[in-house]
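Okay, structure first, notes after.
The values are calculated or read from the model by the stated rules, or taken from the named source; none is laboratory data. This structure is a prediction, so every number in the text was calculated from the model and none was measured. When we count neighbours, we look across all protein chains shown, and the Cβ atoms used for this are built from the backbone with ideal geometry, even at glycine.
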Amino acid sequence: MKTIILTGASSGIGRKTAEMLVQNGEKVIGIGRNTKKLEAAAAEWKNQPGEFAAWTMDVRETGNAAEEMKKIIDMHGNPDVLINNAGTGKFNELEQLSIEDWEQMIDTNVKGNIAITQALLPELKQRGGHIIFIGSTAGIIGTPKATVYAASKRAVLGFAEALRLETAGTGIWISVLNTGPVKTEFHDRADPTGRYKRSVEQIALSPEKVAAELVKLLEQPKRTVFMPRWMKVLSTLYQLWPAAVEKIGRRQFHRK
């Protein structure tokens with residue numbers, strides 16, 4: 001039984017991942033802000049082969065990260081895996097974003113990832129652990145109305161890449177799962193108008209599919225995974241010919 005710390009566990013990809021892991025007999029400490037949802041999940045899965053422990057925490061409160069991770073370790077033991085899944089977004093033109101909007105994205109998507117990873121790194125090194133980051137193709141190909149979101153996800157990619165080199169030889173695996181749009185509540189929060197959700201409906205992934213890929217990553221660690229797979233091709237083309245991809249994809253990129 002692996003001990004897995006999973007952020008953003010109360011909904012979307014995080015909840016589906018936690019469910020699959022518990023069904024597979026793993027022990028999951030699910031971190032989230034919504035105590036009611038976390039406790040409901042714990043009650044629902046109490047008869048599964050694994051264990052689910054609800055842990056209420058806001059990853060944006062980075063000053064508390066080290067203390068909260070110590071409490072988790074004291075109660076549940078050293079973790080084998082950290083899945084940095086918590087994330088948020090707000091899609092709008094930069095001039096229309098409030099300071100609160102973009103601070104929330106940076107605090108959740110960047111600072112939260114860094115603080116929790118830093119707090120758990122010594123224990124993960126002892127176990128030869130696995131750290132998984134939920135990236136996004138937005139971190140590779142920035143698009144209109146996603147300026148700050150794209151910046152936050154590019155920061156995640158840079159952090160993961162540098163950490164991979166920094167921890168080389170320690171037995172730690174660093175993985176990044178880059179996804180395109182996923183059918184979760186994220187879109188409702190990111191764009192309350194529903195325009196973006198409608199525009200990506202045909203290509204959006206189910207949270208179940210992404211969760212299954214995360215579970216697979218634990219069993220067969222990889223450096224980077226793209227979902228859907230054609231996003232890898234698009235991202236590679238963008239690295240080689242950015243101007244051409246921007247020109248060809250201009251109409252799609254402006255559909256938010």
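Table: residues versus (1) of a type outside the set (S, T, N, Q); (2) touching a residue at least 40 places away in the same chain (Cβ under 8 Å).
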position: Ser175; (1), (2): no, yes
position: Thr184; (1), (2): no, yes
position: Asp191; (1), (2): yes, yes
position: Arg195; (1), (2): yes, yes
position: Gln202; (1), (2): no, no
position: Ser206; (1), (2): no, no
position: Glu219; (1), (2): yes, no
position: Arg229; (1), (2): yes, no
Tell me, which strands (runs of 3 or more DSSP E) wholly within the stretch 15-90 include 1 or more residues that are touching a helix residue (DSSP H, G or I) at 6+ places or on another chain (Cβ under 7 Å), among the polar types (S, T, N, Q) and modelled with pLDDT of 95 or more?
51-56, 81-84
With criteria (1) surrounded by fewer than 21 Cβ atoms within 10 Å (Cβ to Cβ); (2) closer than 24 Å to Pro207 by Cβ; (3) not aliphatic (A, V, I, L, M), Glu100 comes up short on (2)
Check off (1) farther than 18 Å from Arg189 by Cα; (2) assigned to a loop (DSSP other than H, G, I, E, B); (3) at pLDDT below 95 for Lys125 and give me the number that stays unchecked.
(2)
How many residues does the stretch 40-60 hold that are of a type outside the set (A, V, I, L, M, F, W, C) and either surrounded by 15 or more Cβ atoms within 10 Å (Cβ to Cβ) or at positive phi (or both)?
6
Restricting the stretch 233-256 to residues that are out of contact with any strand residue (DSSP E or B) (no Cβ under 8 Å at 6 or more places or on another chain) and of a type in the set (Gly, Ala, Ser), the residue that is modelled with the lowest pLDDT
Gly249
Can you find a residue in the stretch 116-126 that is buried (at least 20 other Cβ atoms within 10 Å of the Cβ), under 23 Å from Gly249 (Cβ atoms), in contact with a helix residue (DSSP H, G or I) (Cβ under 8 Å, 6 or more places away or on another chain) and of a type in the set (A, V, I, L, M)?
no
Determine, yes or no, whether Met57 is more than 22 Å from Val156 (Cα to Cα) and within 17 Å of the chain's Cα centre (by Cα).
no
Any residue in the stretch 12-26 that is closer than 19 Å to Glu185 by Cβ, touching a Gly at 6+ places or on another chain (Cβ under 6 Å) and crowded, with 18+ Cβ neighbours inside 10 Å?
yes
Residue under question is Ile116, and the condition is that it be over 18 Å from Leu6 (Cα atoms) and either at pLDDT 95 or above or assigned to a loop (DSSP other than H, G, I, E, B) (or both); does it hold?
no
I need the full set of residues from the stretch 44-60 which are of a type in the set (Gly, Ala, Ser) and either in contact with an Asp or Glu (Cβ under 9 Å, 6 or more places away or on another chain) or farther than 18 Å from His76 by Cβ (or both), in order please.
Gly50, Ala54
The stretch 208-245 - residue that is acidic (Asp, Glu) and surrounded by 13 or more Cβ atoms within 10 Å (Cβ to Cβ) and, of those, nearest to Ile131 (Cα to Cα)
Glu213
